[in-house]
Amino acid sequence: QVQLVESGGGLVQAGGSLRLSCTASERTGNTYTMAWFRQAPGKQRESVALITGGGSTNYADAVKGRFTISRDNAKNTYLQMNNLKPEDTAVYYCAARGTISGIMYWGQGTQVTVSS
């Protein structure tokens, strides 16, 4: 099974930017749809953005125009987050969904904190 490791989280002021990275243990290519989720304290985990093997993307309304998901042709998926808001504060998780199996794999999460 694929293993995922996130990096790039941290503390940033409102209006600032962060870039999250997710490195998989194997090439993701067309085998997995890659996604970012987040979970704020006391709230359910929610989808932030996803990208298919073909490069199609989808974003939650709350982040459209501010966040950009991308992937390379190897093992890495990124989430560029601009104009961050305090409500973006959460643990961000990288996820891989098997294109055929539909099985979801999760990273351990990385904390993003946006101060006002």
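The HN-Hα couplings worked out from phi for the stretch 21-33 by the Karplus form 6.51 cos²θ - 1.76 cosθ + 1.60 (θ = phi - 60°) are 10, 10, 10, 8, 7, 8, 4, 8, x, 8, 6, 9, 8 Hz, whole numbers, x standing for Gly and Pro. When the chain is treated as a Gaussian network with alpha carbon springs shorter than 10 Å, the biggest mean-square fluctuation among 42, 15, 102 belongs to 42.
Which sequence of 51, 100 reflects their accessible areas, 1.4 Å probe, from the largest down?
Working: 51 10, 100 170 Å².
Largest to smallest exposure gives the sequence 100, 51.
Residues in the stretch 86-105, backbone N under 14 Å from the label point at residue 62 (7 Å along the Cα-to-beta-carbon vector): list them, ranges by number please. The answer is 86-93.
Label separation (residue 116 vs residue 104): 3.0 nm, computed from points 7 Å beyond Cα along the C-beta direction. Placing pseudo-labels 7 Å out from each Cα toward the beta carbon at residue 5 and residue 40 gives an inter-label distance of 3.1 nm. For the chain, averaging the sequence separation of C-alpha pairs within contact (under 8 Å, six or more residues apart) and dividing by the residue count gives a relative contact order of 36 percent. Note on residue 75: aspartates and glutamates with a C-alpha under 19 Å away, same-chain residues under 8 apart excluded, are 6, 26.
Taking a straight Cα-Cα cut-off under 22 Å and skipping sequence neighbours fewer than 8 places away in the same chain, the lysines within cross-link reach of residue 85 are 43, 64.
Residue ranking by accessible heavy-atom surface, 1.4 Å probe, largest first, among 69, 103 comes out as 103, 69.
The values are calculated or read from the model by the stated rules, or taken from the named source; none is laboratory data. As the structure is a computational prediction, the values presented were derived from the model and not from experiment. Positions of Cβ are backbone-derived with ideal geometry, glycine not excepted, and every protein chain shown enters the neighbour counts. Side chains included, ligands, DNA and RNA excluded: accessible areas come from the protein's heavy atoms. Shrake-Rupley method; radii C 1.70, N 1.55, O 1.52, S 1.80 Å.
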